[in-house]
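Here the structure comes first, spelled out in structure tokens, and everything after it is commentary.
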Amino acid sequence: MKTLKSKLSSFEHKAVVDVVHGDLMRDDICHKLCDLVTSIEPDGAVLNLQQIEVLTSDDFLKVTKIVSALEVIGLPVMVCGINPQCALVISAFIDDIPVRTELDVKHAVQSF
Amino acid sequence: MASLSNNPSSTKSGDVAKKAQILEQEIASQRTEINDMQEQIESAKFDLPLLKIAEQILMVPLVGAMDSVKSQKVMEDIFWNIKQQETKVAVIDIAGVNIVDSSVATHLIKIAKATRLMGCKVIISGISPVIAQNIVNLGMDVTTLETTNTLKDAIAKAYNAVGYTLVKSE
């Protein structure tokens, strides 16, 4: 099975995942990403969507599923790096956005 | 005997009528273009003041009528500011807005939701009792909006949100 293209790094004991759009298309993204994040035993996780230029509401629902899965594991999660165009699309199509969002990784890590 | 359609004078008048029709269409399209350009000039005239009142706090006073063009401009300017200035809280003061109807409320909700995704909180100030009553009567769901009656309250909330506390000096 192919490995994820999304890159994992650690910043102040938080797992930072630079999510790439291709990975969001995969059916196994949720558990693969959970495996990836838990492998470094972090205090929390940041999903950085900065590399994603076009994010549909369906893609964002996948992101919320990943967030929920990580929260079930017991990790607080922040989502960051959503660009203005994506923000407009998501806010237009999704009424209740159940994730904590920040501007970038720095702000996300600070706000834990 | 030549048919009526082959009559040179009839053909000539038919050509003139066609040309007139084409010209009328051209005039109509140019009028539309002029109207569009005038609208663009009007919207360009609308200069939105963005006041950075403290570190990470932005204030946007809205005055006059609120429409989709203004709403779009407000949203774009706030987005730009979030990116450039790392704004965490945007206070939108609508005390100077003439009419707050469902369309204005919808625009404000849209701005608040989109900016929240970029990590910025929006506080709407200047909600008078009349506006509050209007919004309630319209049945708008404004639970996603953080609102205050006065600008003073909004600024206090904004300072709190970025970790400051306003204390009166002795």
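Peptide A:87-95 has a mean of 5 when you count, residue by residue, the C-beta atoms of other protein chains within 10 Å of its C-beta. Subtracting the Cα-Cα distance of B:Q84 and B:N35 from their residue separation scaled by 0.36 nm leaves 14.2 nm. Computed over region A:7-110, relative contact order equals 29 percent, with contacts defined as Cα pairs under 8 Å that lie 6+ residues apart.
Based on the alpha-carbon gyration tensor of the protein assembly as shown and its eigenvalue square roots a ≥ b ≥ c, which shape applies: rounded if a/c is under 1.5, prolate if not and a/b is larger than b/c, or oblate? In terms of gyration-tensor shape, oblate.
Sorted ascending by nearby beta carbons within 10 Å, beginning with the fewest, A:F93, B:F79, A:F112 become A:F93, A:F112, B:F79.
Coupling constants for region B:107-121 follow from the phi torsions by the Karplus curve (6.51 cos²θ - 1.76 cosθ + 1.60, θ = phi - 60°), and in residue order they are 4, 5, 4, 4, 4, 4, 5, 5, 5, 4, 5, 9, x, 10, 9 Hz; glycine and proline get x. Of the beta bridges in the protein assembly as shown, as assigned by DSSP with both residues counted there, near 25 percent are antiparallel. Of all lysines in the structure, the ones whose alpha carbon falls short of 30 Å from that of B:K52, not counting any fewer than 8 places away in one chain, are A:K106, B:K70, B:K73, B:K83, B:K88, B:K110, B:K113, B:K121, B:K152, B:K157, B:K168. Look at the dipole of region B:62-159 built from charges on Cβ: of B:Y159, B:M75, B:I135, the Cα furthest out on the positive end belongs to B:Y159. For B:V91, the residues whose amide H sits under 5 Å from its own are B:L58, B:M59, B:V60, B:I123, ignoring neighbours fewer than 5 places away on the same chain, with H placed 1.01 Å from N.
Modelled label positions at B:K52 and A:D43, each set 7 Å beyond Cα in the direction of Cβ, lie 3.0 nm from each other. Between the beta carbons of A:D35 and A:H13, assuming R0 = 22 Å, the FRET efficiency works out to 0.75 to the nearest 0.05. Label positions at B:I99 and B:A132, each projected 7 Å from the Cα along the C-beta direction, are separated by 2.3 nm.
Read the figures in this text as sums done on the coordinates, not as results from a lab. This structure is a prediction, so every number in the text was calculated from the model and none was measured. Because the Cβ atoms are built from the backbone with ideal geometry, glycine has one as well, and the counts that use them run over all protein chains shown.
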